[in-house]
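Single-structure report; data block below.
The values are calculated or read from the model by the stated rules, or taken from the named source; none is laboratory data. Just so you know, these numbers come straight off a predicted model, no measurement behind them. We place every Cβ from the backbone using ideal geometry, glycine too, and count neighbours over all the protein chains shown.
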Amino acid sequence: MAVDYFFEPGLGHGLAHDPMNSIIAPRPIGWISSVSNSGQVNLAPYSFFNLFNYQPPIIGFASTAWKDSVQNIQQTGEFCWNLVNRSLVNAMNQTSASVAPEVNEFELAGLTMLPSKLIRAPQVAASPVRFECKLTQLFPLNTASGKQLDTWMVLGEVIGVHIDPKLLKDGVFDTLAADPVLRGGGPGDYYALSAAQKFTLQRPKI
């Protein structure tokens, strides 16, 4: 039996790159648009993102440090998620740049803003799927010992969904046709889907 490569994260991993975000991968990207009380727009990608509840649908993302997105969402209680597909991946990467709060990342990345129907935060017009969300919880993460971290969990209820009709096939959302970009590990690894990777597995009936 092979000996495991074992490490305690608190003592360091001893590798060229932290393996945690390579192991928990690929991950959907939380491309979050928000707006401050004063009207300053922000757009930023978060790779620690997912869906956490069916009904009502609740999505969430974690932000390492108190960033502009978190500040805006705390102020207004709302945000929008925009799906990143292959055609938008370079623009998404541009919006990951660390810039001053007054910089509009839509303009920085050459993206068109689209007004939302139910919230103030704008949407990425070119994104094929967008979720309008209301904040449900915003809280810091803690360690097992109870120490508060400067990492903030943002959860929001999806109150409005926009889907490009071309992605609906006989009433079923076609994930492959959406061509989503997924975050891998390492300094800059991303993944895409292909038909060859798809398989179907039904839950057992007891």
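Among the polar types (S, T, N, Q), more than 13 Å from the chain's Cα centre (by Cα) and closer than 23 Å to V181 by Cβ, is that true of N53? I'd like the intermediate steps shown before the answer.
Working: among the polar types (S, T, N, Q): yes; more than 13 Å from the chain's Cα centre (by Cα): yes; closer than 23 Å to V181 by Cβ: no.
No: the conditions fail for N53.
Identify, from the list T175, T136, the residue that is out of contact with any Phe, Trp or Tyr (no Cβ under 6 Å at 6 or more places or on another chain), closer than 28 Å to N93 by Cβ and among the β-branched types (V, I, T).
Going through T175, T136 in turn, the sole match is T175.
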Mind checking whether some residue in the stretch 94-111 is closer than 22 Å to L167 by Cβ and over 17 Å from the mean Cα position of the chain (by Cα)? yes
Could you tell me which numbered condition V89 fails, if it satisfies all but one of (1) more than 21 Å from R183 (Cβ to Cβ); (2) touching a residue at least 24 places away in the same chain (Cβ under 8 Å)? (1)
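This table checks each residue for (1) in contact with a strand residue (DSSP E or B) (Cβ under 6 Å, 6 or more places away or on another chain); (2) of a type outside the set (G, A, S); (3) at pLDDT below 95.
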| site | (1), (2), (3) |
| --- | --- |
| C133 | yes, yes, no |
| Q137 | yes, yes, no |
| T143 | no, yes, no |
| L155 | yes, yes, no |
| V158 | yes, yes, no |
| T175 | no, yes, no |
| S194 | no, no, yes |
| Q202 | no, yes, yes |
| I206 | no, yes, yes |
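Enumerate the helices (runs of 4 or more DSSP H) found wholly within the stretch 1-111, keeping only those where 2 or more residues are modelled with pLDDT of 95 or more and either surrounded by 12 or more Cβ atoms within 10 Å (Cβ to Cβ) or touching a Gly at 6+ places or on another chain (Cβ under 7 Å) (or both).
Working: elements: 20-23, 68-76, 89-94, 105-108.
Result: 68-76, 89-94, 105-108.
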I'd like to verify a number: residues in the stretch 112-140 that are surrounded by 14 or more Cβ atoms within 10 Å (Cβ to Cβ) and within 17 Å of V70 (Cβ to Cβ), how many? 8
Somewhere in the stretch 152-167, is a residue in contact (Cβ under 8 Å) with a residue 40 or more places away in the chain and of a type in the set (K, R)? no
If you check S87, S34, which single one turns out to be over 14 Å from the mean Cα position of the chain (by Cα), within 19 Å of A125 (Cβ to Cβ) and polar (S, T, N, Q)? S87
Looking at the stretch 110-162, which of its residues are in contact with a Leu (Cβ under 7 Å, 6 or more places away or on another chain), closer than 11 Å to C80 by Cβ and of a type in the set (S, T, N, Q)? Q123, S127
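Scan the stretch 42-88 residue by residue and report those that are hydrophobic (A, V, I, L, M, F, W, C) and in contact with an Asp or Glu (Cβ under 8 Å, 6 or more places away or on another chain). Write out each step before concluding.
Step one: of the stretch 42-88, the residues hydrophobic (A, V, I, L, M, F, W, C) are 43-44, 48-49, 51-52, 58-59, 61-62, 65-66, 70, 73, 79-81, 83-84, 88.
Selection gives L43, A44, I58, A65, W66, C80.
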Restricting attention to the stretch 92-128, which residues are in contact (Cβ under 8 Å) with a residue 60 or more places away in the chain and β-branched (V, I, T)? T95, V124
Considering the stretch 138-167 alone, what residues qualify as being of a type in the set (V, I, T) and part of a loop (DSSP other than H, G, I, E, B)? T143
